[in-house]
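The structure appears below as structure tokens.
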Amino acid sequence: MKIAINGAGIAGPTLAYWLRKAGHEALLIEAAPQLRSGGYVIDFWGIGYDIAEKMGLLPHIKALGYQVRDIRFVDRHGRTSGGFSVDVFGRMTNGRFTSLQRSDLAATIYRALDGQVETIFGDSITGIADVGDCVQVSFEHAAPRAVDLVIGADGLHSRVRQLAFGPQAGFNVSLGYHVAAFAVEGYRPRAELVYVNHGVPGRQISRFSMRDDKTLFLFVFRDEYLPAASPASEQERKSVLAKVFADVGWECPQILAAMEHVSDIYFDRVSQIRMDRWTKGRTALIGDAAACASLLAGEGTGLAMAEAYVLAGELRDCGGDHTAAFARYQERMMPFLQRKQEAAAKFASSFVPKSAFGVTSRNLVTRLLRIPFLADFLIGRNLRDDIKLPDYRF
Ligand SMILES: Cc1cc2nc3c(=O)[nH]c(=O)nc-3n(C[C@H](O)[C@H](O)[C@H](O)COP(=O)(O)OP(=O)(O)OC[C@H]3O[C@@H](n4cnc5c(N)ncnc54)[C@H](O)[C@@H]3O)c2cc1C
């Protein structure tokens, strides 16, 4: 089959990889003019790690990864107020855990396609006309094409989802936070392999030192701190962050000053996408487009890869019967994704505590996590993926 996949992030290229193995012809369409670089750092483990292994990607992923040692909480004067060793993640996953830039993971997956999958950059699917035995797809720039299936792998704000299922508002569940991230070069101080966090009621800022003298900053704040509607321009985003984090102490004045020279700030509402079906006719959704669990799940990339792998596997096992394959894909993955979303939504209430008492209690709990058996008990259960993926014979 000819299968058009909108979005070349994590899910899209993973799907293209497995579809190619099954003998299908994939076409990737990516809105960005080239693969995105930079961006935030993700933790990578679980079923995503297993699939990366099946794809032969682990050596590259390990080389690009950071083996983080500690998560540290500091007060407004920079004094340690909590935190724990990240050994627990390694122990509970048998060492199958790393952190890397999301863009590095995406590029590693894309490279595994060996240049064999046609990719249209700087474009997007804009129309899907299901005409029975095929789909007429139109694009923002390219000429229309006829394909057998259309897959939306275009993330949280999926265009394909909007075209096939309706506006995002119908599926978006806000978790009550906004998140922003950017990287700067030459920032001091650095703390190698330590995730340094400073939290005050409702707001949290984290710093992570990366290679090439870069430092990543991640801001999370409760929605009630957003001064007005979501900012549209880069300058508005900067103004919002400058206002919301003006009085939080620690290195914030310096970080906000460094932000002024940055030209690519990630800024979004922390949301989940909840749907009761991911497929319609010849169109299906995968990854964040289908079931974004948010950064609070700490596993969105792995979940996206798992959905891609299972969709390709079911299409392979069902021969040309996409209806049966779509049904099996959804049946296998949806309950698992729903459990992941529920766990992330539960975590949301305590992620950035609302009050000073909450911040102090959170810091105390993180100190308790220095006791290995307690850490294993409290964190270990969140690291389990209660699903067994089929071993499709690609
Ligand atoms: C701050 C933050 C921290 C996170 N931390 C973690 C973590 O620790 N661990 C983890 O596993 N996950 C984490 N995640 C979640 C993870 O990044 C996502 O779940 C994952 O990237 C989803 O993959 P995807 O391929 O579905 O979507 P994406 O990675 O978002 O890729 C979608 C692609 O589609 C493209 N696109 C968008 N619109 C269009 C269009 N109209 N036409 C064509 N192309 C389009 C985009 O440019 C992009 O390349 C985090 C997310 C955030 C925001």
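A quick yes/no check of all residues on (1) at negative phi; (2) modelled with pLDDT under 90; (3) of a type in the set (Phe, Trp, Tyr):
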| residue | (1), (2), (3) |
| --- | --- |
| 347 | yes, no, yes |
| 363 | yes, no, no |
| 381 | yes, yes, no |
| 389 | yes, no, no |
Selection over the range 6-21 where residues are farther than 13 Å from residue 311 by Cβ, crowded, with 24+ Cβ neighbours inside 10 Å and more than 6 Å from the ligand (Cβ to nearest atom) yields a count of 1
Go through (1) touching a Phe, Trp or Tyr at 6+ places or on another chain (Cβ under 6 Å); (2) polar (S, T, N, Q); (3) under 18 Å from residue 196 (Cβ atoms) for residue 98 and report which single condition fails. (3)
Under 6 Å between Cβ atoms, which residue pairs at least 6 apart in sequence (or on different chains) link something in the range 317-339 that is closer than 11 Å to residue 387 by Cβ with a partner that is assigned to a helix (DSSP H, G or I) and charged (D, E, K, R)? 333/307
Pair list, Cβ < 6 Å and 6+ apart or interchain, from the range 292-306 residues that are farther than 18 Å from residue 104 by Cβ to residues that are near the ligand (Cβ under 7 Å from one of its atoms) and part of a helix (DSSP H, G or I): 293/300
Check the range 276-293 and report whether any residue there is under 17 Å from residue 183 (Cα atoms) and over 24 Å from the mean Cα position of the chain (by Cα). no
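This table checks each residue for (1) touching a Cys at 6+ places or on another chain (Cβ under 8 Å); (2) free of Cβ contacts under 8 Å to residues at least 60 places away in the same chain; (3) within 24 Å of residue 293 (Cβ to Cβ); (4) not hydrophobic (A, V, I, L, M, F, W, C).
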position: 118; (1), (2), (3), (4): no, no, no, yes
position: 122; (1), (2), (3), (4): no, no, no, yes
position: 130; (1), (2), (3), (4): no, no, no, yes
position: 138; (1), (2), (3), (4): no, yes, no, yes
position: 159; (1), (2), (3), (4): no, no, yes, yes
position: 175; (1), (2), (3), (4): no, no, yes, no
position: 187; (1), (2), (3), (4): no, no, no, yes
position: 193; (1), (2), (3), (4): no, no, no, no
position: 208; (1), (2), (3), (4): no, no, yes, no
Here's a check for you: in the range 70-89, which residue that is in a helix (DSSP H, G or I) and crowded, with 17+ Cβ neighbours inside 10 Å is farthest from the chain's Cα centre (by Cα)? 88
Just checking, does the range 85-93 include any residue being within 12 Å of the ligand (Cβ to nearest atom) and under 27 Å from residue 157 (Cβ atoms)? no
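Have a look at 208, 221, 165 and point out the one that is at pLDDT 95 or above, aromatic (Phe, Trp, Tyr) and in contact with a Leu (Cβ under 7 Å, 6 or more places away or on another chain). Working first, answer last.
Numbers: 221 fails: in contact with a Leu (Cβ under 7 Å, 6 or more places away or on another chain); 165 fails: in contact with a Leu (Cβ under 7 Å, 6 or more places away or on another chain).
The match here is 208.
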Reported set for the range 256-272 where residues are more than 7 Å from the ligand (Cβ to nearest atom), farther than 17 Å from residue 347 by Cβ and either free of Cβ contacts under 8 Å to residues at least 24 places away in the same chain or not in a loop (DSSP other than H, G, I, E, B) (or both) is 256, 257, 258, 259, 260, 267
Flagged in the range 25-49 as small (Gly, Ala, Ser), near the ligand (Cβ under 7 Å from one of its atoms) and crowded, with 23+ Cβ neighbours inside 10 Å, in numbering order, are 48
Could you check residue 206 against (1) farther than 30 Å from residue 165 by Cβ; (2) away from the ligand (no atom under 12 Å from the Cβ) and say which number it fails? (2)
With 242, 228, 246 as the choices, which residue is in contact with a Cys (Cβ under 8 Å, 6 or more places away or on another chain), more than 30 Å from residue 63 (Cβ to Cβ) and not in a strand (DSSP E or B)? 246
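Within the range 123-154, work out how many residues are in a loop (DSSP other than H, G, I, E, B), modelled with pLDDT of 95 or more and more than 9 Å from the ligand (Cβ to nearest atom).
Here the count works out to 6.
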The condition from (1) in a helix (DSSP H, G or I); (2) touching an Asp or Glu at 6+ places or on another chain (Cβ under 9 Å); (3) closer than 30 Å to residue 135 by Cα that residue 36 misses is numbered (1)
Going by what's in this entry, would residue 320 be described as within 16 Å of the ligand (Cβ to nearest atom), more than 23 Å from residue 199 (Cα to Cα) and not polar (S, T, N, Q)? no
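The values are calculated or read from the model by the stated rules, or taken from the named source; none is laboratory data. The structure displayed is predicted, hence computed values, not measured ones. Neighbour counts run over all protein chains shown; Cβ positions are idealised from the backbone, glycine included.
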